[in-house]
1. If I model a spin label at residue 94 and residue 40 as a point 7 Å from the Cα along the Cα→Cβ vector, what separation in nanometres do I get?
2. Suppose accessible area is computed on protein heavy atoms with a 1.4 Å probe; arrange 14, 84 from highest to lowest.
3. Assuming R0 = 25 Å, what is the FRET efficiency of residue 51 and residue 31, from their Cβ-Cβ distance, to the nearest 0.05?
4. Ignoring ligands and nucleic acids, what accessible area does residue 87 show with a 1.4 Å probe (Å², nearest 10)?
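The values are calculated or read from the model by the stated rules, or taken from the named source; none is laboratory data. Computed from a prediction, not measured in an experiment: that's the story for all the values here. Cβ coordinates were reconstructed from backbone atoms using ideal geometry, including for glycine residues, and neighbour counts include every protein chain displayed. Just so you know, the surface numbers come from the protein's heavy atoms only, side chains and all, with ligands and any DNA or RNA stripped out. Shrake-Rupley method; radii C 1.70, N 1.55, O 1.52, S 1.80 Å.
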Amino acid sequence: MNPTPDSASAPRLLGFDVPGLQATVDHAEDEAIVALLDVEPSARWLQVFHRRVDALKGELGLAGVQMDGRSIRFFGSVADSRRLANEIAGLIKDIAQELSSPP
């Protein structure tokens, strides 16, 4: 099966850069959890990501999410960084599956 153009440009998760998490979040001072991607996401991937990440923000108590090329920065007071990492990995995988499914 040949990948569709959207699935071909869907990034894969390479890993995370996880700082010490804080009880409260200050975007100006606190470091973010950074998800590192293998390629820069396509415009279509970003549309799906932004739609889906809003639900994740509410569920996990994230204060903000910023895209920067091949990095996604997650700001939050989540005490369980392992759960956050699992949710982010699942989100990225789900987006790739959605983009590779026929309309």
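1. 2.7 nm
2. Details: 14 115, 84 5 Å².
Listed by decreasing accessible area, they come as 14, 84.
3. Details: r = 26 Å, r/R0 = 1.05.
With a Förster radius of 25 Å, E is 0.45.
4. Estimated to the nearest 10 Å², residue 87 gives 60 Å².
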